[in-house]
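Below: the structure, in structure tokens.
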Amino acid sequence: MTTTGGRFGQPGVFTRASSGLVRQVGTLDTAFYGMMQIGIPYIIFIIAAWVSYPGSSMELATAITIIGSVCLGITYALYSSVYPRSGGEYVFLSRTIHPAYGFVVSFLQVFWQAFYFGVTGAFWAIYGWSPLFTTLGLLTKSQALTNLGTFFGSNWGIFLSGLVMVLVIGTLLFRGAKVYFTFQRWSVWIALASVALLIIVLALTAAGAFNFKSNFDALAGTGAFDKVIATARSGGTNLNPGFSFGSTINFLIWPAFSILFAINSVSFSGEIKNVRRGQLLGITGAMIWAGLIMIALMFFIRAAVGDQFLLAASSVGSKFPLPISPWLNLLASIATNNWLLTILLNLYVLLLIPYAGGAGALYSSRALMAWGLDGVAPERVADVSERYHSPSWAIIVAVVIALVALTVYAFTTLLVTLSGLIGFATAFCMTSLAAIVFPMIKRDAYEGSPAVMTILGLPLITVAAVVASVTLLWVIFRAVVDSAFGANTPFSLWLNAGVVVAAIVWYFVARWYRLRQGVDVADRYKEIPVE
């Protein structure tokens with residue numbers, strides 16, 4: 001049975017007393033969700049991108065990103081405490097700024113979160129299973145394992161593994177927040193142990209306990225380590241750049257595309273036991289925790305294999321002498337030259353990527369449910385299972401969108417150059433800009449909420465939002481002009497613009513449609529959403 005969205009018989013009145021969701025998510029689960037949105041496994045290509053920013057400091061760029069991200073986290077945590085309901089930015093922006101404004105922000109998030117739910121399924125194969133089996137094949141000299149790695153990197157391997165991931169995560173979400181977060185919690189603990197082992201292995205390699213150069217040459221051929229460096233140098237790669245603060249600030253876009261995303265736990269505010277404490281500690285804690293892990297991995301991989309080799313390996317492309325990409329965890333596996341340690345070092349990628357996708361699906365489903373409750377989406381997506389306390393139809397919609405994205409990604413090249421960073425950063429920036437003025441334009445709502453916190457006599461939400469907005473405007477600018485990041489292809493730019501237009505059209509068409517039914521959905525935004 002389900003709790004339905006109700007009929008639109010009485011303008012401005014919610015036709016059910018409860019959303020059907022239950023407050024059962026703790027602060028730790030909120031923090032773990034934030035870490036899933038951050039996607040620690042994506043440190044793989046953050047480090048790989050370092051070569052494109054000569055003279056940059058990955059660690060400093062990440063530290064600066066943490067500061068800007070924490071300010072955004074404070075902004076979101078306080079803003080969401082005004083209306084602690086599930087649905088994300090849509091709920092509090094539609095009530096404090098304008099319904100259309102809130103809907104556009106939410107639509108951007110829902111579209112890209114559902115899209116990346118599917119694409120993350122592809123990443124599970126590309127960054128998880130394929131390199132793991134290929135590396136195991138190299139270490140054990142097993143052609144069967146190498147072939148298995150090749151299969152997972154093929155179109156059908158990507159699609160089938162992604163299909164399994166999307167359906168399993170979708171099922172966990174369907175079974176409700178308690179089940180989903182229980183599985184997430186255990187996966188994160190195991191994954192963090194894997195990350196800790198990775199840091200230890202890299203530190204031991206840097207100290208000389210493991211000989212990376214010798215083991216690399218044993219796999220790739222005598223002198224292969226030096227040849228990679230020579231090949232990169234002859235190709236024009238600067239392997240000894242001096243420090244550049246400008247390059248460091250430009251590199252910031254890479255860790256930002258991960259760390260900023262912990263704020264999306266506001267999507268299930270209506271399911272958190274202690275909203276202000278849970279969101280404030282959960283979001284900022286996830287950002288700091290994950291950011292420090294990234295900094296540690298950046299530092300120790302450089303110490304383990306050397307700056308020159310790390311830069312060279314990322315620049316030689318197809319001339320790299322092994323049939324694997326020179327990613328962080330794979331370089332660590334080569335350093336150990338041990339098949340068991342290789343499996344353990346790669347566990348965090350296999351365990352966390354599915355929940356990175358699941359985090360997007362959870363966001364999408366809660367926002368869709370909120371749309372349905374307000375009448376700007378079909379009533380069916382607001383249905384909540386009485387047994388599992390989950391928005392069942394909204395989850396199904398997110399799964400369908402994900403499977404479409406996965407299929408297109410696996411069997412075509414259309415989405416290879418597509419990035420949603422501009423869309424995400426625009427949504428975040430619109431929220432932070434609104435938060436700057438919120439205490440002034442909605443004084444009654446602000447002063448009567450848990451968001452009332454000050455610093456030097458100024459609203460904390462305003463101060464934090466100013467810093468966050470500056471950070472986000474820089475990220476958007478770099479995403480538009482930085483070809484190395486890859487978000488500024490014509491297709492990507494046009495699609496990002498098209499999503500904004502689609503959001504505006506959707507809102508006003510939905511409002512017109514409800515008016516024809518005798519209902520002005522604008523009246524609903526004058527009320528606090530049902531809990």
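Only one of (1) surrounded by 23 or more Cβ atoms within 10 Å (Cβ to Cβ); (2) touching a Lys or Arg at 6+ places or on another chain (Cβ under 8 Å); (3) touching a residue at least 40 places away in the same chain (Cβ under 8 Å) fails for residue 394. Which number is that?
(3)
Does segment 226-245 include one or more residues that are in contact (Cβ under 8 Å) with a residue 60 or more places away in the chain, on the phi > 0 side of the Ramachandran plot and out of contact with any Lys or Arg (no Cβ under 6 Å at 6 or more places or on another chain)?
no
Restricting to helices (runs of 4 or more DSSP H) lying wholly in segment 102-212: which have 1 or more residues that are in contact with a helix residue (DSSP H, G or I) (Cβ under 8 Å, 6 or more places away or on another chain) and charged (D, E, K, R)?
Values: elements: 130-140, 143-152, 155-174, 177-207.
Because the criterion is at least 1 residues that are in contact with a helix residue (DSSP H, G or I) (Cβ under 8 Å, 6 or more places away or on another chain) and charged (D, E, K, R), the helices (runs of 4 or more DSSP H) in segment 102-212 that meet it are 177-207.
Which condition does residue 28 not pass, out of (1) under 26 Å from residue 187 (Cβ atoms); (2) buried (at least 21 other Cβ atoms within 10 Å of the Cβ); (3) modelled with pLDDT under 90, if it passes all the others?
(2)
Out of all the residues in segment 342-363, which are among the hydrophobic types (A, V, I, L, M, F, W, C) and either more than 17 Å from residue 189 (Cβ to Cβ) or crowded, with 24+ Cβ neighbours inside 10 Å (or both)? Quick ask: steps written out before the conclusion?
So in segment 342-363, the residues among the hydrophobic types (A, V, I, L, M, F, W, C) come out as 343-345, 347, 349-353, 356, 359, 361-362.
343, 345, 349, 352, 353, 356, 359, 361, 362 - these are the residues of segment 342-363 that are among the hydrophobic types (A, V, I, L, M, F, W, C) and either more than 17 Å from residue 189 (Cβ to Cβ) or crowded, with 24+ Cβ neighbours inside 10 Å (or both).
Just checking, which of 282, 270, 278 is within 30 Å of residue 369 (Cα to Cα), out of contact with any helix residue (DSSP H, G or I) (no Cβ under 6 Å at 6 or more places or on another chain) and part of a helix (DSSP H, G or I)? Full working, then the answer.
Values: 282 fails: out of contact with any helix residue (DSSP H, G or I) (no Cβ under 6 Å at 6 or more places or on another chain); 278 fails: out of contact with any helix residue (DSSP H, G or I) (no Cβ under 6 Å at 6 or more places or on another chain).
Of the residues listed, the single one that is within 30 Å of residue 369 (Cα to Cα), out of contact with any helix residue (DSSP H, G or I) (no Cβ under 6 Å at 6 or more places or on another chain) and part of a helix (DSSP H, G or I) is 270.
Determine which single condition residue 328 fails, assuming it passes every other condition in (1) closer than 24 Å to residue 241 by Cβ; (2) touching a Phe, Trp or Tyr at 6+ places or on another chain (Cβ under 8 Å).
So residue 328 meets the others, but not (2).
Return the residue satisfying two criteria in turn: it lies in segment 80-117 and is buried (at least 24 other Cβ atoms within 10 Å of the Cβ) and small (Gly, Ala, Ser), and of such residues it is modelled with the lowest pLDDT.
Applying the filter and picking the extreme gives 86.
Considering only residues of segment 436-483 that are touching a strand residue (DSSP E or B) at 6+ places or on another chain (Cβ under 8 Å) and over 25 Å from residue 525 (Cβ atoms), which is modelled with the lowest pLDDT?
Only one residue fits best here, namely 453.
Mind listing whichever residues of segment 261-298 are closer than 15 Å to residue 363 by Cα and aliphatic (A, V, I, L, M)? Steps first, answer last, please.
First pass over segment 261-298, keeping only residues closer than 15 Å to residue 363 by Cα: 261-272, 279, 283.
Hits for segment 261-298 are 262, 263, 266, 272, 283.
The values are calculated or read from the model by the stated rules, or taken from the named source; none is laboratory data. All of these numbers come straight from a predicted model, not from anything done at the bench. A quick note on method: Cβ atoms are made from the backbone with ideal geometry, for glycine too, and the neighbour counts reach across all protein chains shown.
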